[in-house]
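In what follows, a single structure is set out as structure tokens and then discussed.
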């Protein structure tokens with residue numbers, strides 16, 4: 001009997017390990033998509049990356065992390081021999097920023113002001129040493145910054161709180177393409193980083209400002225495949241339903257466990273969880289904690 005139990009436990013562990021390994025592989029693999037001769041998207045390997053090539057250099061939105069972050073310069077070099085001149089970080093999380101040190105000190109790095117603050121406060125061990133220190137965001141965005149890069153007018157917009165309090169979206173106006181960072185992720189449950197100033201309750205209104213750029217034809221999400229406007233609207237609808245249901249039940253004095261059982265989000269059953277990062281139950285938990293005024297003390301990614 002004991003032997004059978006041990007065999008069953010071993011089998012369960014192997015299945016779980018295989019599932020986690022497969023999800024990690026999916027998260028880390030990359031795919032390069034050509035939009036045109038000067039614009040590419042590198043999906044996966046952490047946060048999705050946009051690459052804009054000008055005559056004298058390259059602009060990169062989000063630099064991934066760990067191994068994929070080290071591989072990204074090689075991917076870019078296969079597209080062009082021009083140097084990376086500008087990096088835009090959509091927010092502070094490691095899967096969007098830890099590739100920064102792979103580039104030359106002196107590269108212009110742009111981010112929202114809160115993003116730099118969070119990097120130094122919540123990820124200090126990584127950023128306080130070289131070469132990371134020299135690749136910290138040094139050019140700050142408050143509400144909006146615009147720059148001309150090659151043939152493209154690039155708008156860097158801070159629409160409000162959502163995933164964190166330092167999220168920006170990057171709008172390539174000529175191509176009508178917007179990189180959203182993790183303010184929109186395609187087909188997965190979002191992470192509400194309360195420690196990083198995020199807000200599930202404010203997120204839908206923030207997406208109203210993102211969607212106000214009505215001529216956008218394609219969105220580059222923080223994670224997942226490229227999307228059209230309807231997919232972003234559905235993601236916003238999920239957040240609205242989540243927040244409304246949690247707020248209503250919290251006001252009735254229900255406990256977190258009761259709320260988790262009561263919310264009806266079956267319409268979004270096709271969304272995927274991200275092991276160790278986020279799930280539907282975690283979404284309910286984060287909104288509940290925000291409504292109740294509790295402070296998150298766990299790491300946000």
If R₀ is 22 angstrom, what is the calculated FRET efficiency for the pair residue 82 and residue 33, using the beta carbon separation as r and rounding to 0.05? 0.70
Where does each of 45-55, 248-258, 232-242 land if you order them by average Cβ count within 10 Å, highest first? 45-55, 232-242, 248-258
Relative to the longest principal axis of the C-alpha atoms of the chain, give the angle of the C-alpha long axis of helix 66-79, reported between 0 and 90° and rounded to the nearest 10°. 40
In nm, what is the difference between 0.36 nm times the number of residues separating residue 214 and residue 173 and their Cα-Cα distance? 13.6 nm
Label point 7 Å out from residue 282 along Cα-to-Cβ: which residues of segment 214-245 have amide N under 19 Å? 221-225, 235-236, 238-240, 242-243
Fewest-first sequence of 271, 184 by Cβ atoms within 10 Å of each Cβ: 271, 184
Specify which labelled value, from [x] 19, 24, 19, 14, 12, 8, 4, 1, 0; [y] 33, 55, 11, 1; [z] 31, 49, 18, 2, 0, agrees with P(r) over Cα pairs in 20 Å bins from 0, in percent derived from the coordinates of the model shown. [y]
Note: residue 143 to residue 67 extended length (0.36 nm per residue) minus current alpha-carbon separation gives 24.1 nm
Percent of beta bridges antiparallel (DSSP, the chain, rounded to nearest 5): 65
Starting from 0.36 nm per residue, how many nanometres of slack lie between residue 252 and residue 120 once their C-alpha separation is accounted for? 43.6 nm
Protection-proxy order for peptides 122-134, 82-94, each taking the mean of Cβ atoms within 10 Å per residue, highest first: 82-94, 122-134
Return one number: the angle in degrees, 0 to 90 and rounded to the nearest 10, between the long axis of the Cα atoms of helix 280-292 and the longest principal axis of the Cα atoms of the chain. 90
Output the peptides 201-207, 113-119 sorted from most to least packed, where packing is the average of other Cβ atoms within 10 Å over each peptide's residues. 113-119, 201-207
Tell me, what is the percent relative contact order of segment 136-241, built from C-alpha pairs under 8 Å that lie six or more residues apart? 24
Specify the angular offset, from 0 to 90 degrees and rounded to the nearest 10, of the alpha carbon long axis of helix 113-122 from the longest principal axis of the alpha carbons in the chain. 60
What is the order of 178, 292, fewest Cβ neighbours within 10 Å to most? 292, 178
Under a GNM of the chain (C-alpha, springs under 10 Å), which listed residue has the highest mean-square fluctuation: 192, 259, 157? 259
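Here, each number is a calculation from the coordinates, and none is a lab measurement. All of these numbers come straight from a predicted model, not from anything done at the bench. All Cβ positions, even for glycine, are placed from backbone atoms using ideal geometry, and neighbour counts span all protein chains on display.
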